[in-house]
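Visitor: Before I ask anything, here is the structure I am working with.
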Amino acid sequence: MKTNKTMNCLASVIAASLITVSASYAATIPMSITAFDASTTDAVFVVKSKGWRDPAFGNMGWTHSSAWGTFKAKKGQLVSIKMVAADAGIHPGSTVWYRGADDTAADNYVVDHFYPQNANFAKFGAVDETDGTSLGNIVMTHVLHGYDQDGNSLKVKSMGGKVDQVSGQLLLKFKAPYTGDYMFVTSGFNPDANIDTTLKLPYNIDVNVTVK
């Protein structure tokens, strides 16, 4: 049987963790969201060289250093997302989430200024970071993630490196596990030595999305 002292310690730990979670989540609107459909299959995403996974940010993704896209799919349809960096030395990384019935907030909002590349991303009772307006629940269910491994000096197993013999190119293909709205993010991961990251320049990634 736990003592009162032990129970009090547990309560303190739980309370502290809840405060940390509450304080760290500030629902925000990405600077760029492209809606893909049958008539809009191509776009140019403007990103930072390390936006998808930055060691300076605890290896999280940066919401506003990345570009975002949305599309609809029916369960079982084949989805293809192809990303090609315009500059040699940039390696795209990407994550796809599903926003289903539990996701009651407007789809132009995401949970925070950072994101996990390989996990669900959710906040119940989210509020707008600028005025505190109640938004509902942001529930982004992880579907797939990966990054361009070709020519990349880092190999991080949990991040899902993809090899296709073309440096600077990433192709994610999958069958839609649900019917409804999907959201994905793209940015750079571990740029080559020729990329001067101190300049924090934006780089272009050509993106093609098809749903069949």
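The values are calculated or read from the model by the stated rules, or taken from the named source; none is laboratory data. If you're wondering where the values come from, they're calculated on a predicted model, not measured in any experiment. No Cβ is skipped: glycine too gets one built from the backbone with ideal geometry, and neighbour counts run over all protein chains shown. What goes into the accessible areas is simple: the full protein's heavy atoms, side chains included, and nothing from ligands, DNA or RNA. Shrake-Rupley method; radii C 1.70, N 1.55, O 1.52, S 1.80 Å.
Visitor: At a probe size of 1.4 Å, how large is the accessible area of residue 115, to the nearest 10 Å²?
Guide: Near enough 0 Å² of accessible area.
Visitor: What figure, in Å² to the nearest 10, do you get for the accessible area of residue 34 with a 1.4 Å probe and non-protein molecules left out?
Guide: 30 Å²
Visitor: Give a residue-ordered list of calculated ³J(HN,Hα) values for segment 168-177 (Karplus: 6.51 cos²θ - 1.76 cosθ + 1.60, θ = phi - 60°; whole Hz; x for Gly, Pro).
Guide: Once rounded to whole Hz, the list reads x, 10, 9, 10, 10, 10, 6, 8, 4, x.
Visitor: Given the alpha-carbon gyration tensor of segment 129-212, what are the semi-axes of its equivalent ellipsoid in whole angstrom, ordered largest first, with each equal to the square root of 5 times an eigenvalue?
Guide: Taking √(5λ) for each eigenvalue gives 28, 21, 13 Å, largest first.
Visitor: Using Cα atoms only, what is the angle between the long axis of helix 4-24 and the major principal axis of the chain, expressed in degrees (0 to 90) to the nearest 10?
Guide: Taking Cα atoms only, the helix is inclined about 40 degrees.
Visitor: In what order, largest first, do 99, 53 sit by accessible area if the probe radius is 1.4 Å?
Guide: 53, 99
Visitor: Moving on. Largest first, what is the accessible-area ranking of 91, 113 with a 1.4 Å probe?
Guide: In descending accessible area the options line up as 113, 91.
Visitor: Near residue 82, within a Cβ-to-Cβ distance under 15 Å, what is the net charge of the other residues, with Lys and Arg +1 and Asp and Glu -1?
Guide: Taking every Cβ under 15 Å from that of residue 82, the sum is -2.
Visitor: From the alpha carbon gyration tensor of the chain, can you work out the equivalent ellipsoid semi-axes (sqrt of 5 times each eigenvalue) and give them in Å, largest to smallest?
Guide: Each semi-axis is √(5λ); the values are 31, 22, 17 Å.
Visitor: What's the FRET efficiency of residue 173 with residue 87 using the Cβ-Cβ distance as r and R₀ = 25 Å, to the nearest 0.05?
Guide: 0.55
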